[in-house]
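Undergrad: I have a structure here, written as structure tokens, and I will follow up with some questions on it.
All of the numbers you see were taken from the coordinates with simple rules; none came from a lab. All values reported here derive from a predicted model rather than from experimental measurement. A quick note on method: Cβ atoms are made from the backbone with ideal geometry, for glycine too, and the neighbour counts reach across all protein chains shown.
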């Protein structure tokens, strides 16, 4: 166990945490030739685990809206027996994550699937691998026997009311012969339905391969082509602060002006590269005794990731850092983070985190200090003004939500009209003309993707059912019907239709329920008078 400084109700307190070893970290003897157990940069920053591991962390999963939409679209196409689908994107953009999420959703629905990872397999060997993953094993039988066995299996599954899916990863490596086999398999059908749903997952070269003249029949059968695109800067920022706060940051790390632009430029919105870059930035913060990520730090971190400079690896801990961070300073930093060093001593050894940068002056109207202070005081958040004021001025509601999640259960909600607010909630008018309030949902969805189950999911199902949007089983499990219900509710209520129940969506669901109940209550006395 170790102690970590965390904020609770605006106060700094020590909490015991069990450190989770990150995927990568400093070697035990990297720091000035002194053996240091564990990951000193995590201890210095007060983080419970590595926020940016190379392997996706299922416990702290970031639900990127476009990826969620891709999973939803692909699942709907499979359930609708559309036949042939594509999922393409550059390396590191999250195709494998989407595929895993989709396979989990299929497993939850007991839909048979065959996953092929070795796309270099050809001919009868590829067909044999497909059959084997479906549980069809007829040994080393020839091609036609393998195809007949697969067709019989698919027909049997169809008459039993089951669906079957074939997923081929790295499909850009498929040969012309293998793509011809895929075309042949897409022909397996009844008079009305496709027996086998096929998803090819690959890099953009896959789409180029399918443009060949001799493959035009296969390309013409594509019912859905989901493209995975790089993240924009707003998504990158939300991801960074989400991951930092799930590791216990609570605003302890800030970004100087221009740092986010540099991160976006160097990562190109690529999640895999972003994780590598941010992890190097955390190393740099420790080495430079800083809590603010600067553009120059991002540039140095990027330099470390360029293969041509591999010989300069660990520059932070072998060069100027040795002079800036002595062994005595390291001990002081560790004692400071554990709360064992008096603040009067700590102030001389630990840099105070700089205040968050405010928005650059512009011609557009901005929120006044008085308006912000009055608004936050109404929610007993006046002690968080330094953190929240710059975010309110910059409309960083994703970051505000991440910060509030670690302090209380309030969530930011934006409204187009003041009249949309309920319960006399304190409001803040934004420069855009919209209104902001902070709201406590009746239930909290810790995670929301296919297969997630829990009481909060069941309550959401009940709410949507009462409004006529959900007609599925009240089983507390996230599935296609619930995703569709959320999507349709958002579409009907002028919300961004993502299928993901964000704070704006949950607020409007509760607001609609209250309106419905109020209308019903007002109608009952009328009916009573009419009947009398």
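Undergrad: Sorted by packing (mean other beta-carbon atoms within 10 Å per residue), highest first, where do 182-193, 281-292, 455-466, 375-386 land? Walk me through the intermediate numbers first.
TA: Values: 182-193: 14.2, 281-292: 21.1, 455-466: 18.2, 375-386: 16.6.
Sorting 182-193, 281-292, 455-466, 375-386 by mean packing, highest first, produces 281-292, 455-466, 375-386, 182-193.
Undergrad: So what is the orientation-averaged projected area of region 170-292, using the convex hull of its C-alpha atoms, in nm²?
TA: It is 11.1 nm².
Undergrad: What fraction of the Cα pairs in region 64-225, stated in percent, has a spacing above 21 angstrom?
TA: Value for region 64-225: 43 percent of Cα pairs lie more than 21 Å apart.
Undergrad: What does the highest-first list of 71-78, 105-112 look like by mean Cβ count within 10 Å?
TA: 71-78, 105-112
Undergrad: Then there's this: Note down the Stokes-Einstein diffusion coefficient of region 231-303 in µm²/s, whole number, using a Kirkwood radius over alpha carbon pairs, 25 °C, and 0.890 mPa s.
TA: The estimated diffusion coefficient comes to 204 µm²/s.
Undergrad: Here's another thing I want to ask about it. For region 126-202, just the Cα set please: Rg and Dmax, both in angstrom.
TA: Both quantities, over Cα of region 126-202: 12.3, 34 Å.
Undergrad: Can you give me the relative contact order of region 231-303 as a percent, contacts being Cα pairs under 8 Å and 6 or more apart?
TA: 39
Undergrad: Follow-up. Provide the packing ranking of 39-46, 120-127, 136-143, 153-160, i.e. peptides ordered by the mean count of other C-beta atoms within 10 Å per residue, highest first. Write out the running numbers ahead of the final one.
TA: On the way: 39-46: 21.9, 120-127: 17.1, 136-143: 12.0, 153-160: 14.5.
Averaged packing, sorted descending, gives the order 39-46, 120-127, 153-160, 136-143.
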